[in-house]
Structure formats: structure tokens, C-alpha cells
Amino acid sequence: MTKREKLSRMEMPELLQDRVETSAHYYENAIALMNRGEYRKASELLWGATTQMIKALSQVEGTEIRSHKQFRSYVHDKLSYADPKLMSQFRDIESLHNHFYDATLERDEVEQISATVRQFIERLRELLYSRLKKEGQTGNTTL
């Protein structure tokens, strides 16, 4: 993710900004690992990139997510109304977390799901920006 895609530190609470930046960092590292053929490690970073964006969005609502089950519930209960495909994307992304431990996916599947991660993160970034703007927490934030 490029610098212009990151929300300005001056326009967001520090922890929220950290989650957005960590998500981008994990995603970039995952792509680098895939380029080196390290798909299992990349899978966990892609999962981490996803969960950091979910945590950022939930933080705006004052919700703290601490478990895998809470991630799933949050996407289902709070996000799928905004975009029904988010839940199905999340289910695909969850398989990356399992792949890290059990090598359950083929390389091409990891590559396909990495594209899903990118779409999912971008959609959450849009929702995050929209909610921050609605709550007056950001002005000229650039994505």
C-alpha cells in the first residue's frame, strides 16, 4: 500500500493510525514473502493485515476484538450489512490463518486469496474513512 493510502497520523488517534499502518506493513511483507515462495508465512501476514483493519474499524465504534470468534462475529454482525460480500471474503481469508499451521492451501489459492485480502482491506479502509468523517474525527484524510 502506498503512503497516500495511509491515513495521516495528525488526523487519527495514534492507536488507530498504528493499526492501519501495521495492516499495510503486514500486507507488503506478505507479498514479499510470496515473491520468495514462502507462502505459509505470507498467509499469516495476510491474516494479520486483515485483522488489524478489522480492529481499526471496530475501535472507531468502541469495540475491542480479542479472539478469532470475535473477528468473525464482528464481520458478520457489523460489516456484512454495509457490503454483503465481506462475509464470504472473510471466510476465504480465514483459510489463510489455517494454512499457516496446517499447509492446507496450494500456492495459487494463496495468491488468489491475497487478492481478496487486498479488496477486503480496501473496502474496510473506505468504511473506516466514512465512519471517521461521519464522527468528525478527520477532515482532509487521504486514502
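Please treat every number below as a calculation from the coordinates, not as lab data. The structure presented is a predicted model; accordingly, all values stated were derived computationally and were not measured. Please note: Cβ atoms are built from the backbone with ideal geometry, for glycine as well, and neighbour counts cover all protein chains shown.
Below is a table of values for the structure above.
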{"read-out": "Expected 222 nm ellipticity per residue - DSSP helices of 4 or more, -39500 (n - 2.57), all of the chain, to 500", "value": "-23000 deg cm²/dmol"}
{"read-out": "Modelled FRET efficiency - R0 22 Å, Glu106 with Asp83, Cβ distances, 0.05 increments", "value": "0.20"}
{"read-out": "Anchor Lys134: aspartates and glutamates whose Cα lies under 16 Å away (excluding residues fewer than 8 positions away in-chain)", "value": "Glu11, Glu61, Glu126"}
{"read-out": "Solvent-free Debye scattering, log10 I(q)/I(0), computed from the Cα coordinates of the chain at q = 0.09, 0.10 Å⁻¹", "value": "-0.26, -0.32"}
{"read-out": "Interchain or long-range residues, amide H under 5 Å from Thr104's placed H", "value": "His99"}
{"read-out": "Difference of contour (0.36 nm per residue) and Cα-Cα distance, Gln70 to Arg118", "value": "15.2 nm"}
{"read-out": "Two-site label geometry, Arg91 and Arg40: point separation in nm, points 7 Å out along Cα→Cβ", "value": "2.7"}
